[in-house]
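Structure record follows, encoded as structure tokens.
The values are calculated or read from the model by the stated rules, or taken from the named source; none is laboratory data. Because the structure is predicted, anything quoted here is derived from the model rather than measured. As a convention, Cβ positions derive from the backbone with ideal geometry for all residues, glycine included, and neighbour counts pool all protein chains shown. With ligands, DNA and RNA removed, areas are computed over all heavy atoms of the protein, side chains included. Shrake-Rupley method; radii C 1.70, N 1.55, O 1.52, S 1.80 Å.
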Amino acid sequence: MASPTMFQPTRRRLIGAAALLPFLTLPDVVRAAEPDLSALRPMTGDIKPIGRVERAERLIRAQALMRASGIGAVVIEPGSSLVYFTGIRWGRSERPLLAILPVEGSPCIVSPFFEEPRMRETLGIPAEVRVWQEDEDPLGVVAGLLKDRKLIGRPIGIEESVRFFIPDALAHAAPDAKIVSANPVVRRCRMLKTAPELALMQRATDITITAYRWLHPRIERGMTGSDIGALMDAATTKLGGSPEFSMALIGEAAAYPHGTKAVRRVDAGQIVLMDCGCTVDGYQSDVSRTFVFGAPNARQRKVWDQVHQGQQVAFAAAQIGKPAGSVDDAVRSLYAGFGYGPGYKLPGLSHRTGHGIGLDGHEPVNLVHGEETPLAPGMCFSNEPGIYIPGSFGVRLEDCFHMTTAGPKWFSVPPVSIDQPV
């Protein structure tokens with residue numbers, strides 16, 4: 001559920017140190033703040049990062065899709081799609097750094113001149129490099145490349161996250177170029193994960209589940225959501241993952257999918273809804289768990305069981321060739337029978353049943369009503385049909401799965417009961 005930019009959890013918690021501050025030196029306070037992670041061991045020593053062979057195969061697939069769609073080249077700027085095709089990890093600024101994938105031949109990187117050495121440090125494919133100076137038009141350099149490659153008269157696909165000023169400037173630099181969406185190429189490549197990608201996502205998920213299991217018995221009365229998130233981040237890091245988000249919603253805050261600004265503390269009988277994820281070589285996990293601190297009451301248990309049923313119904317509905325939206329429809333039909341909704345109304349499920357996931361925490365396409373894209377092997381989704389009761393509490397269980405030729409397969413297996421939540 002969570003987006004990696006939503007939460008900025010505190011990185012450490014002063015566990016019981018505040019009352020002792022007058023008697024402790026600074027090194028003593030730092031030691032008191034550190035959780036005991038000695039039971040955890042890194043889980044990433046044997047991973048296989050995405051390499052040149054995999055990226056070469058991605059270019060071959062992209063060029064085949066370009067030919068099928070009549071696209072002459074695709075323009076990409078920094079972000080997950082640039083990492084996907086080139087390996088370049090780069091921030092966006094007013095100085096464009098662009099990758100041009102042509103329908104034939106090798107890609108080209110258009111880079112600011114003074115950034116070329118740094119860019120080459122992460123460039124993971126063979127590519128031509130063209131540079132532009134500070135007093136030059138970078139899109140003029142792109143237009144020159146398209147002219148040299150005899151692509152200027154063919155449709156030029158723009159990756160969907162590219163900022164407007166880039167295709168706008170390209171249209172002025174190459175007025176004969178037809179600007180189109182690159183979705184038929186980029187989306188189709190990225191939606192269908194390969195075995196190396198699935199392996200990295202599996203490892204990221206394994207780390208998140210292991211961190212949950214370490215964390216759960218260490219949650220104490222009086223902790224805040226930030227306290228819990230900091231412990232989750234510490235465990236994830238020790239296990240070898242890069243924390244993306246660690247959200248913990250307590251009590252009534254769990255009734256709102258992304259919580260509220262109010263600070264709440266753990267107490268007996270309260271729901272704790274957690275949504276956490278990490279990356280391994282850039283590939284993400286996303287797992288939610290809901291439990292009660294202490295003994296659950298009958299209502300909490302009932303709603304937890306209903307969400308568990310919703311997850312199973314969604315999983316069963318995810319079949320090859322079926323529209324992605326049909327998974328969401330199956331869950332809402334079940335929930336309507338419980339008296340929730342209808343549709344996205346509350347109490348009930350106010351968000352989509354799931355989203356695509358991969359290098360980004362949220363990728364196309366979504367498990368949402370009306371989405372007609374057919375499910376295909378290699379697609380990866382979250383499965384998170386929560387139930388939210390404003391003013392009271394909410395429950396969300398989230399586990400990701402990927403589509404195989406035989407149907408869906410879990411990255412993490414959902415818990416079986418509120419009594420065994422992790």
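Before anything else, pin down the relative contact order of the chain: Cα pairs under 8 Å, at least 6 apart, normalised by residue count, whole percent.
Computed value for the chain: 15 percent relative contact order.
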Nearby aspartates and glutamates by direct alpha-carbon distance to residue 261 (threshold 18 angstrom, same-chain neighbours under 8 apart not counted): 227, 252, 275
Under 13 Å from the residue 405 label point (7 Å along Cα→beta-carbon), backbone N, region 356-380: 377-378
Residue-span extension gain [residue 344 to residue 36] - 0.36 nm each, minus C-alpha spacing: 106.6 nm
Net lengthening on full extension, residue 106/residue 57 (0.36 nm per residue, minus Cα-Cα): 16.4 nm
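Rank 113, 165, 245, 315 by accessible area, highest first, at a 1.4 Å probe radius?
On the way: 113 105, 165 80, 245 5, 315 40 Å².
Output order, biggest surface exposure first: 113, 165, 315, 245.
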Accessible surface of region 143-276 [probe 1.4 Å, protein heavy atoms]: carbon and sulfur percent: 53
Residues of region 122-158 with amide N under 19 Å of the 7 Å Cα→Cβ point at residue 114: 130-139
Label-reachable residues, region 354-371, where backbone N falls under 20 Å from a point 7 Å from residue 309's Cα toward its Cβ: 354
Accessible area (Å², 1.4 Å probe, nearest 10) - residue 110: 0
GNM flexibility winner over the chain from 93, 80, 161 (Cα, springs under 10 Å): 93
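Relative contact order (percent) for region 70-176, with alpha-carbon contacts under 8 angstrom and 6 or more residues of separation?
30
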Loop sites in region 191-271: GluC sites (Glu not before Pro), DSSP, at most 15 other Cβ within 10 Å: 220
Crossing angle, helix 138-148 versus the chain [Cα axis fit, 0-90 degrees, rounded to tens]: 50
Ranked by how many other beta carbons lie within 10 Å on average, peptides 285-291, 234-240, 332-338 from highest: 285-291, 234-240, 332-338
Projected label distance in nm at residue 134 and residue 195, using a 7 Å step from Cα toward the beta-carbon: 5.0
Set of lysines near residue 193 by C-alpha distance (under 19 Å), chain-local residues within fewer than 8 positions excluded: 48, 322, 409
In degrees, nearest ten, helix 195-215 long axis to first principal axis of the chain (Cα): 20
Percent carbon-and-sulfur accessible area, region 375-422, ignoring ligands, DNA and RNA, probe 1.4 Å: 57
Two-decimal Rg to Rh for region 80-145 - Kirkwood Rh, Cα set: 0.93
Eligible aspartates and glutamates near residue 178 by straight Cα distance, threshold 20 Å, same-chain separation 8 or greater: 77, 104, 137, 148, 159, 160, 168
Estimated [θ] at 222 nm from DSSP helical runs (n ≥ 4, -39500 (n - 2.57)) normalised by residues in the chain, nearest 500: -10000 deg cm²/dmol
